[in-house]
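To start, the structure under review is shown below, and the notes come after it.
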Amino acid sequence: MTKTKIGRPMPTKVLIKPDGNREQTTASGILLNSDSLNKPFQGEVISVGVDLTHIIKVGEKVMYAKNTGIPIEIDNEEYLLLLDGQVLLIF
């Protein structure tokens with residue numbers, strides 16, 4: 001199967017690959033899904049719109065809030081399309 005080439009998002013958008021680790025375990029061993037936590041999510045930048053290339057670079061990690069962005073599936077891989085203002089932190 002041929003892998004789809006991921007293009008560049010529109011000028012003020014960022015395409016990220018969300019981190020898969022969204023679970024935490026409490027001291028007593030209870031498994032918490034991060035959807036139940038009030039913590040921001042993280043992901044790796046895959047592609048950046050032209051207006052943001054001087055701010056965000058491909059390969060950087062970003063933090064974003066829960067229920068943010070548009071989920072996209074490409075070649076059975078989950079991605080998230082964020083507006084520039086939905087990125088909380090770049091690291």
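The values are calculated or read from the model by the stated rules, or taken from the named source; none is laboratory data. Not measured: the values here are computed from a predicted model. Note that we place each Cβ from the backbone using ideal geometry, even for glycine, and neighbour counts take in every protein chain shown.
Scan the stretch 43-91 for residues that are free of Cβ contacts under 8 Å to residues at least 60 places away in the same chain, aliphatic (A, V, I, L, M) and within 18 Å of G7 (Cβ to Cβ) and the total you get is 9.
Within the stretch 64-82, which residues are surrounded by 15 or more Cβ atoms within 10 Å (Cβ to Cβ) and in contact with a strand residue (DSSP E or B) (Cβ under 6 Å, 6 or more places away or on another chain)? Within the stretch 64-82, Y64, G69, Y79, L80, L81, L82 meet the criteria.
Can you name the residue in the stretch 38-63 that is under 13 Å from I16 (Cα atoms) and polar (S, T, N, Q) and, of all such residues, is surrounded by the fewest Cβ atoms within 10 Å (Cβ to Cβ)? Among those residues, the one meeting the criterion is S47.
Selection of strands (runs of 3 or more DSSP E) fully inside the stretch 2-56 by the criterion of at least 1 residues being at pLDDT 95 or above returns 13-18, 41-48.
With respect to the conditions (1) part of a loop (DSSP other than H, G, I, E, B); (2) under 11 Å from L15 (Cα atoms), V62 lacks only one, and its number is (1).
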